[in-house]
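The values are calculated or read from the model by the stated rules, or taken from the named source; none is laboratory data. Because the structure is predicted, anything quoted here is derived from the model rather than measured. So basically every Cβ, Gly included, is an ideal-geometry build from the backbone, and we count neighbours across all protein chains shown.
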Amino acid sequence: MRITPLNDAIGARVDGVDLAAGFDDETFAVLHQAWLDHCVLLFRGQKLSPAELVAFAARFGALEPPPGSERDLRADSGSKEADDMWIISNVVENGKAIGALGYGEAEWHSDMTYLDVPPTASVLYGHEVPATGANTWFANMYLAWEQMPASLRAGIQDARALHDSSYTSAGDLRKGMDDVTDVRAAPGAVHPMVIKHPENGRQALFLGRRKNAYIKGMEVADSEAMLDRLWDYCVADKFSYSHKWQAGDVLVWDNRSTLHRREAFDPKARRILWRCQITGTALPAASAA
Ligand SMILES: [Fe+2]
């Protein structure tokens with residue numbers, strides 16, 4: 001097994017591991033540590049069945065089933081695989097979408113931070129990918145916090161933010177949700193803006209997503225201005241990696257220390273990704289003892 005950083009900011013490529021064949025606990029311990037250190041792991045040239053993907057993802061923790069709202073969209077709704085595996089796709093078969101999130105741009109975010117306990121990790125497998133577009137970007141929020149100017153740090157060191165649950169990362173209003181007219185009253189969860197990572201104790205900026213975010217206790221205008229400054233700062237190229245997909249790629253990212261986004265792609269191109277999501281643990285504030 002060989003582990004090679006993808007760039008100076010984030011991510012590492014792992015060669016010499018066949019995920020379908022499985023591996024022992026010692027190998028997984030090395031992978032797990034590399035994943036914590038690099039935030040994102042890339043495995044290329046994999047060939048996985050849904051069951052093999054689910055088995056690999058489950059090494060990282062208990063799996064989180066897709067929410068009913070996403071599963072209901074899918075052509076395989078009701079099948080056994082649909083229980084633990086999500087499908088991200090723009091493909092429509094017999095008039096029904098086979099997966100979620102379509103082909104548009106998905107803005108920078110961490111997954112499902114509108115939950116009190118957001119997922120720990122996501123695993124994404126490139127089953128079928130377009131020749132161009134649809135790159136997935138990742139940004140390292142350890143680095144963003146560590147390198148943040150003191151003037152910006154001071155405003156959020158002990159702050160908490162509300163993470164809105166109304167919209168998907170593709171910008172669509174979720175079923176049954178109302179448009180948000182006052183960010184202070186948005187539905188969702190409140191998290192520390194700087195967390196202490198539950199597994200390695202490192203401090204990381206934790207923003208979730210920009211839309212309808214609100215820094216608790218601030219005037220709305222002040223919160224908006226601060227959030228704009230933070231977002232301008234934290235998704236700079238120097239903290240980021242852009243992944244160009246090949247079929248057979250597997251990406252595993254730490255949802256607590258990273259942000260990600262997806263570029264748009266040609267609606268006529270087919271893209272089918274399989275995803276598993278790992279259930280989270282509580283996120284303590286960086287200032288917590
Ligand atoms: Fe996402």
Problem - the range 231-264: number of residues that are touching a helix residue (DSSP H, G or I) at 6+ places or on another chain (Cβ under 7 Å) and of a type in the set (A, V, I, L, M) - result: 2
Practice task
Kindly indicate whether residue 132 is closer than 30 Å to residue 13 by Cα and either in a helix (DSSP H, G or I) or hydroxyl-bearing (Ser, Thr, Tyr) (or both).
Solution key: yes
Exercise for the section: Go through the range 142-180 and give me each residue that's farther than 18 Å from residue 261 by Cα, charged (D, E, K, R) and either assigned to a loop (DSSP other than H, G, I, E, B) or touching a Pro at 6+ places or on another chain (Cβ under 9 Å) (or both). Expected result: 158, 160, 174, 175, 178, 179
Exercise for the section: Determine whether the range 250-259 contains at least one residue that is more than 25 Å from residue 147 (Cβ to Cβ) and under 19 Å from the mean Cα position of the chain (by Cα). Expected result: yes
Problem - Lone unmet requirement of (1) crowded, with 16+ Cβ neighbours inside 10 Å; (2) within 23 Å of residue 281 (Cα to Cα) for residue 201 - result: (1)
Handout entry: Residues satisfying the stated conditions in the range 110-133, i.e. under 22 Å from residue 50 (Cα atoms) and away from the ligand (no atom under 13 Å from the Cβ)
Key = 120, 125, 126, 127, 128, 129, 130
Practice task
Please state which of the following conditions residue 36 fails to meet, knowing it meets all the rest: (1) in contact with a Phe, Trp or Tyr (Cβ under 9 Å, 6 or more places away or on another chain); (2) touching a residue at least 40 places away in the same chain (Cβ under 8 Å); (3) closer than 24 Å to residue 240 by Cβ.
Solution key: (1)
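For every residue, the table says whether it meets (1) touching an Asp or Glu at 6+ places or on another chain (Cβ under 6 Å); (2) closer than 21 Å to residue 261 by Cβ.
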{"residue": "182", "(1), (2)": "no, no"}
{"residue": "188", "(1), (2)": "yes, yes"}
{"residue": "193", "(1), (2)": "no, yes"}
{"residue": "198", "(1), (2)": "no, no"}
{"residue": "218", "(1), (2)": "no, no"}
{"residue": "238", "(1), (2)": "no, yes"}
Practice task
Could you tell me whether the range 94-102 includes any residue that is out of contact with any helix residue (DSSP H, G or I) (no Cβ under 7 Å at 6 or more places or on another chain), modelled with pLDDT of 90 or more, within 30 Å of residue 266 (Cβ to Cβ) and in a strand (DSSP E or B)?
Solution key: no
Practice task
Go through the residues of the range 220-237 one by one and say whether even a single one is at pLDDT below 95, hydrophobic (A, V, I, L, M, F, W, C), crowded, with 19+ Cβ neighbours inside 10 Å and within 16 Å of the ligand (Cβ to nearest atom).
Solution key: no
Handout entry: Of all residues making up the range 34-52, the number that are within 17 Å of the chain's Cα centre (by Cα) and part of a helix (DSSP H, G or I)
Key = 4
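Among the residues of the range 255-289 satisfying the criterion of being touching a His at 6+ places or on another chain (Cβ under 8 Å) and within 26 Å of residue 205 (Cβ to Cβ), which is nearest to the ligand (Cβ to nearest atom)? Steps first, please.
We begin by selecting, within the range 255-289, every residue touching a His at 6+ places or on another chain (Cβ under 8 Å); these are 256-257, 259-261, 272-274, 283.
Now drop any that are not within 26 Å of residue 205 (Cβ to Cβ), which leaves 256-257, 259-261, 283.
On the way: 256: 13, 257: 14, 259: 9, 260: 6, 261: 8, 283: 17 Å.
Per the stated criteria, the residue is 260.
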Exercise for the section: Within the range 9-33, work out how many residues are free of Cβ contacts under 8 Å to residues at least 24 places away in the same chain and part of a loop (DSSP other than H, G, I, E, B). Expected result: 4
Practice task
Of all residues in the range 81-98, count the ones that are within 20 Å of residue 167 (Cβ to Cβ) and either within 13 Å of the ligand (Cβ to nearest atom) or surrounded by fewer than 21 Cβ atoms within 10 Å (Cβ to Cβ) (or both).
Solution key: 3
